[in-house]
1. What number of residues in the stretch 106-126 are hydrophobic (A, V, I, L, M, F, W, C) and surrounded by 20 or more Cβ atoms within 10 Å (Cβ to Cβ)?
2. Only residues that are in contact with a strand residue (DSSP E or B) (Cβ under 8 Å, 6 or more places away or on another chain) and under 26 Å from PHE12 (Cα atoms): list them for the stretch 72-103, please.
3. If I go through the stretch 6-51 residue by residue, how many of them are surrounded by 15 or more Cβ atoms within 10 Å (Cβ to Cβ), assigned to a loop (DSSP other than H, G, I, E, B) and without any contact (Cβ under 8 Å) to a residue 60 or more places away in the chain?
4. Within the group LEU78, LEU116, which residue is outside any loop (DSSP other than H, G, I, E, B) and more than 11 Å from the chain's Cα centre (by Cα)?
5. Scanning the stretch 84-106 for residues that are within 16 Å of LYS22 (Cβ to Cβ) and either assigned to a strand (DSSP E or B) or of a type in the set (A, V, I, L, M, F, W, C) (or both), which turns out farthest from the chain's Cα centre (by Cα)?
6. Look at SER80 and say whether it is among the small types (Gly, Ala, Ser), in contact (Cβ under 8 Å) with a residue 12 or more places away in the chain and surrounded by fewer than 16 Cβ atoms within 10 Å (Cβ to Cβ).
Amino acid sequence: MLSPTASDVRVFVPAKDFSISKAFYQALGWKLNWEDAELAEMEIADRRFLLQNYYKKEWADNFMIHVSIDDAQAWYELASSIIVTGKYLDAKVSPPAPQAYGAVVTHMWDPSGVLLHLAQWRKAGH
């Protein structure tokens with residue numbers, strides 16, 4: 001019997017203000033691959049998600065994205081420099097902190113309240 005396969009997985013991420021969210025992710029280094037009035041494909045490190053021109057507070061406040069990174073401090077500094085401009089609604093970032101599961105994590109909230117876990121792994125293979 002032939003087993004089905006998959007070649008990609010992409011999540012739909014809510015956006016309270018679609019244009020501000022697109023600009024936020026681009027300022028952080030995500031590439032905008034394509035967009036229409038309702039969706040925008042964002043990419044970093046050959047990984048993509050679909051930013052959606054749709055918002056429900058309860059959904060956004062419980063939505064999380066985990067991103068493996070190489071330098072939590074550098075990401076914190078980049079995010080801080082972008083957020084301080086005041087262009088990105090309620091976006092915020094917390095300083096890197098070691099976690100019991102083996103990563104140093106910078107938490108960042110996008111303009112819609114989506115939480116990004118930016119994890120610098122202390123051990124290879126995660």
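1. 6
2. ALA72, TRP75, TYR76, ALA79, SER80, ILE83, ASP90, ALA91, LYS92, VAL93, SER94, ALA103
3. Total meeting the criteria: 2.
4. Testing whether each residue is outside any loop (DSSP other than H, G, I, E, B) and more than 11 Å from the chain's Cα centre (by Cα) leaves just LEU78.
5. Ranking the candidates gives LEU89 first.
6. Yes.
Each value in this text was obtained by applying a stated rule to the coordinates, not by laboratory testing. Note that the coordinates shown come from a computational prediction; the quantities given were computed from them, not determined experimentally. All Cβ positions, glycine included, derive from the backbone under ideal geometry; neighbour counts span all protein chains shown.
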